[in-house]
Amino acid sequence: MDSFHEPYTRAGDDISPDAVREQVRALEDSHKAHGVQLSGRIVHVCHYLPVVPTLISHLSPAAAGVLSPPPSPPTHYGDVPTSPTSDAAQAQQPEQPSVPSRRWKLAPRYGHAAMISGIRSLSATHDQLIVGWTGDILSVPSGGAASAEENSGNTGDGEQRVPSHLVSQADREALETELVGYDEDGQGNKGKLECVPVWLEDKVAHGHYEGYCKTTLWPLFHYLLWQDVATEYASADAHWVHYEQANQVFAERIASVLRPGDLVWVHDYHLLLVPKLLRSQVGEKGLTIIGLFVHTPFPSSEVFRCLPRRKEILDGMLGANLVCFQTYSYSRHFISTCVRVCGYETTSRSATASLTANTASTLSTSSHPVSAHPDRSGSSNASENKYIGIDVQGHIVAVSHCPVGINAERVARDTLRPGIQPKLEALRTLYADKKIIVGRDKLDVVKGVLHKLRAFEKLLHDYPEWQGQVVLIQVTSPSLTDSPKLERQISELVAHINGEYGSLDFIPVHHYHQTLKKDEFYALLSVADLGVITPLRDGMNTTSMEFVIAQERTKQSPLVLSEFMGISQHMGQALQVNPWDLGDVAAAMNTGLIMSSASKAARHTALHKVVTTHTSHTWAALLVKMLLSQIDGQTTARGTPYLPKELLKDKYDSATKRLFLFDYDGTLTPIVKTPSMAVPSSDALNALTKLTSDPRNVIYIVSGRDQAFLELHLGHIKHLGMSAEHGGFIRDPSNGNGSRVGYSSNAATDEEETWVNFTAQLDMEWMDEVAEIFRYYTERTTGSHIEVKKSSITWHYRASDPEWGLFQCRQCQDLLENNLAHKRPIEVLVGKKNLEVRPLAVNKGEIVKRILYLNPDAEFIFCAGDDKTDEDMFRALHGFPSDATGNTHLAPPLSVTLVDNNHGITRPDVELAIAPDAIFTTAVGPSTKRTLAGWHVTTPEEVVDHMLHLVGESSRGVTMTSMSGPVSDVVGGEAAKSYM
């Protein structure tokens, strides 16, 4: 990253949800005008459905043969404190009318109120699906009625848990039918928001959530390792298989309901593998734009790299088009982790849309794009935003951030409930003449309740005037990760404080381990003289925002917040503290308790504006806008189609002369950690041998490797042409003697007889100047080195610190481009962990033109490559002008005239026999890779398989890495690829 400064993330806080929706509409209209297929539907993928389905049993569980398994934890627990805001429907929602033929009772699931509120708000403009797990299935007798509290997951009287395998297919289909049109909140969204259930086996479901999610990922994302959590399990991989299986089931379920042009938003850490799995499921089925929003914090790379399955998790996330976090710092940690752990590179990504000037200006303020470096072209576009992106083998994943809010209108409405005032007055009477500090957290190690209690004890010790004058009411809500050890520690500390500072008629700490009802919760927030919310780590904390709204009509009391919360960066007027510094927290408590009314009012006004402007509705609309901004019409909209074998075979068979042009590294062989070990497989050698044995075929390897390497591994194949050092040297097929297995001792003599040097006629004095610059950066970049070839010079930094190496690479690039490139006939190329300088006249595109010029009667061309340098080949094959008669001609390219002019030969233009539909430019990589190629395959193995298909052979199944070690040994799946 260029900067570690954390900017204020919401310069557009004053933008209303309606204004953002207008921006979304403008983007959609622009995309449709450019031919982008959009369905107008958003698919949200959540761990749980927002509905609790209860199976209506017409028989008793025993008669039905349903056995009751051991009790398991409630199914509705969220990963952030469950907000009573979400149970608004409890008091207002009439029970769904009972229909005798119904098999299911449906009730709202409470938890993740902010997320669900935001999703529901989008139903005003879009059709929506929520795909989620059903949760554990409960069964009630047909005459029974599940209360709202029971439907929240607690097993009530008459309810029995039903093992998933005992839920019949008919019951499952009935649930899907009854979910259609279910309108739990009465807001008129019926038909625009549908729920799609995901069915998981019990073992998989609980191993996924209570196992891997809660004992491995949750602690890790909150800067704890699994062995630090109070649990009997210490293995980070104990439930990995269940996590994989659950994510696979989710991906398959999404794919079954997906339409071309859908926008897909995957939510949170339970489903980090889904983007990549879904991408594989969907394949070539039209446009699918996938976003991933992570609601939890994301740790630094040094913490995340402790995870054994780090590569699988990151690659799963990077299957998305956009990965979004709560704050800039979380997105920065994610980018750094991708660079340091996986070896991927960052790039700037422009998101452009055809918008009016006013709309474009508004769009530019509503998120915080970051540019990796200035636009070197010097051009500017008011509607162009640049995002930091991760380059995953050509698939660019944008990374951004957008904080979640709450449904401020609904919370404000709930604070006026008639049941609140009597409870508020009762609290005032109970603690008359006392200052009240309020805290509400889950009973979880990361919530910092123990630290808060110790800080309160320090307040009483350091500021003795508060003894007997202040009480702390601490509520700890039950959580799935409830720890008896933690609960005991809290109880013991509470008893110690009360024993030390309390008396027979006064208790300073009141601890309640329970879930508060809504009226009690808002009464507690409203009566407080100070709110203290100090988790050790947290993503978004709704209680802090609900506290601000609850205080609007009462005392406008201040708020003490942990600086390690995602929301803290947006609530600058709160008293922010380091929860580990007990003295700091105690001092902040004292400051809040003695704060003047004017200061309280000023701070409250600022906080109230933040909470009520950037709401969950704004957040949801911004997510849609950000995801639409990733569509650019030229690449994402269409994707690169997969190369069909039969079409290739038909064109191949009908041609009288065929031309094949192959890159080497990453095309015929996979990228390996040690470049010298990238040897061709037996399948690759067999394909090349079969192709070159046909006199109608002309085959060339066009690589960045030097002559010695190509001769060593491919020199024994008869009639195989080779180009080395990105087109600096060429050996025509007629020069192969077919007898060399290695490179002989008289290599220089052989080279002079078989290889043509195109740099011999060029000015190469610039190499000394470039070498001096490279030496300067090599001395200052540990692990870097210089590679000098005959036609180019390359600076490699793969073994260096990735972020420092990238920074130095950009500095060196600027120096070369601004001080040398305009004076010398050279070009500067940024490769994969390297910086290369080569002559302008030497590149793969020029050598391809030369080969085609000398073979104008070719009626079939196959050209495959995987890297930026291979784009020169694709560009060369797409640039042939036609005359008035429709014939295509090719002028003698520079790579021909450099040699022939030296011998006094003048070459004419040639007429080409090739038809556009017989040119198969093929990129190796994902379909989303930005390329000039017309087709794509995914791996080098598929390139070889297509070639074997042409000659009637099949793969022998010998891996390409048999001599170089497993691909998993490669950091990030790449090598120091200046050899391409």
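The values are calculated or read from the model by the stated rules, or taken from the named source; none is laboratory data. Predicted model only: the values in this text are computed from it and were never measured. Because the Cβ atoms are built from the backbone with ideal geometry, glycine has one as well, and the counts that use them run over all protein chains shown. Remember, those area values only see protein heavy atoms, side chains included, never the ligands or the DNA or RNA. Shrake-Rupley method; radii C 1.70, N 1.55, O 1.52, S 1.80 Å.
One table, with the values for the structure above:
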read-out	value
Selection status of D433, open to solvent by 20 Å² or more (accessible area, probe 1.4 Å), over 25 Å from Q569 (Cα atoms) and under 36 Å from the mean Cα position of the chain (by Cα)	no
Single unsatisfied condition, S350 versus (1) modelled with pLDDT under 95; (2) under 10 Å from the mean Cα position of the chain (by Cα)	(2)
Boolean, E302 is at pLDDT below 95 and open to solvent by 40 Å² or more (accessible area, probe 1.4 Å)	yes
Residues (of a type in the set (D, E, K, R), closer than 15 Å to R417 by Cβ and open to solvent by 10 Å² or more (accessible area, probe 1.4 Å)) located in segment 540-556	E552, R553
Among the residues listed as V770, V788, the single one being closer than 30 Å to F660 by Cα and either open to solvent by 40 Å² or more (accessible area, probe 1.4 Å) or among the hydrophobic types (A, V, I, L, M, F, W, C) (or both)	V788
Flag if G639 is touching an Asp or Glu at 6+ places or on another chain (Cβ under 9 Å), modelled with pLDDT under 95 and not aliphatic (A, V, I, L, M)	yes
A11 surrounded by fewer than 22 Cβ atoms within 10 Å (Cβ to Cβ) and either modelled with pLDDT of 85 or more or not small (G, A, S) (or both)	no
Filter pass, D584 being without any contact (Cβ under 8 Å) to a residue 24 or more places away in the chain, surrounded by fewer than 20 Cβ atoms within 10 Å (Cβ to Cβ) and either farther than 28 Å from Q326 by Cα or aliphatic (A, V, I, L, M) (or both)	no
Selection count, segment 514-535, where residues are in contact with a strand residue (DSSP E or B) (Cβ under 7 Å, 6 or more places away or on another chain) and open to solvent by less than 60 Å² (accessible area, probe 1.4 Å)	12
Residue in segment 309-322 that is in a loop (DSSP other than H, G, I, E, B), modelled with pLDDT of 85 or more and open to solvent by 20 Å² or more (accessible area, probe 1.4 Å) present	yes
Residues of segment 259-304 satisfying the condition of being under 12 Å from the mean Cα position of the chain (by Cα), among the charged types (D, E, K, R) and within 22 Å of G343 (Cβ to Cβ)	K276
K452, sole failed condition from (1) open to solvent by 10 Å² or more (accessible area, probe 1.4 Å); (2) of a type in the set (D, E, K, R); (3) outside any loop (DSSP other than H, G, I, E, B)	(1)
Index of the failed condition, E457 passing every other in (1) within 23 Å of K600 (Cα to Cα); (2) in contact with a strand residue (DSSP E or B) (Cβ under 9 Å, 6 or more places away or on another chain); (3) of a type outside the set (A, V, I, L, M, F, W, C); (4) open to solvent by 30 Å² or more (accessible area, probe 1.4 Å)	(1)
Pairs, first of a type in the set (G, A, S) in segment 592-611, second not in a helix (DSSP H, G or I), C-beta under 7 Å, six or more apart	G592/L530; G592/P558; G592/V560; G592/L575; A601/Q556; A606/Q573
Residue match in segment 641-662 (condition: assigned to a loop (DSSP other than H, G, I, E, B) and of a type in the set (A, V, I, L, M, F, W, C))	yes
Residue in segment 596-603 that is in a helix (DSSP H, G or I) and touching a His at 6+ places or on another chain (Cβ under 8 Å) present	no
Contacts under 7 angstrom Cβ, first residue in segment 443-463 being under 13 Å from V509 (Cα atoms), partner hydroxyl-bearing (S, T, Y) and crowded, with 18+ Cβ neighbours inside 10 Å, 6 or more apart	V449/T476; K452/T534; L460/Y501
Hits in segment 827-837 (condition: in contact with a Leu (Cβ under 8 Å, 6 or more places away or on another chain) and open to solvent by 10 Å² or more (accessible area, probe 1.4 Å))	E827, V828, L829
Options H878, H889, H903: the member that is surrounded by fewer than 16 Cβ atoms within 10 Å (Cβ to Cβ), at pLDDT below 90 and within 30 Å of S280 (Cβ to Cβ)	H878
Extreme residue, modelled with the highest pLDDT, among residues of segment 130-152 that are farther than 14 Å from R103 by Cα and surrounded by fewer than 20 Cβ atoms within 10 Å (Cβ to Cβ)	S147
Residues within segment 557-581 that are surrounded by fewer than 24 Cβ atoms within 10 Å (Cβ to Cβ) and small (G, A, S), tallied	2
Whichever residue in segment 674-699 is part of a strand (DSSP E or B) and open to solvent by 10 Å² or more (accessible area, probe 1.4 Å) and, among such residues, is nearest to V837 (Cα to Cα)	V698
R488, sole failed condition from (1) closer than 25 Å to Y463 by Cα; (2) over 36 Å from the mean Cα position of the chain (by Cα); (3) open to solvent by 10 Å² or more (accessible area, probe 1.4 Å)	(1)
Filter result (among the aromatic types (F, W, Y) and surrounded by fewer than 22 Cβ atoms within 10 Å (Cβ to Cβ)) within segment 791-821	W804, F807
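Here's the yes/no breakdown for (1) modelled with pLDDT under 95; (2) in a helix (DSSP H, G or I); (3) of a type in the set (V, I, T); (4) surrounded by 20 or more Cβ atoms within 10 Å (Cβ to Cβ):
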site	(1), (2), (3), (4)
Y243	no, yes, no, yes
N247	no, yes, no, yes
I254	no, yes, yes, yes
P260	yes, no, no, no
L307	yes, no, no, yes
V339	yes, yes, yes, yes
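Residues are listed down the side, and each one gets a yes or a no for (1) outside any helix (DSSP H, G or I); (2) in contact with an Asp or Glu (Cβ under 7 Å, 6 or more places away or on another chain):
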position	(1), (2)
F521	no, no
M540	yes, no
M545	no, no
V548	no, no
S557	yes, yes
I567	no, no
G572	yes, no
A588	no, no
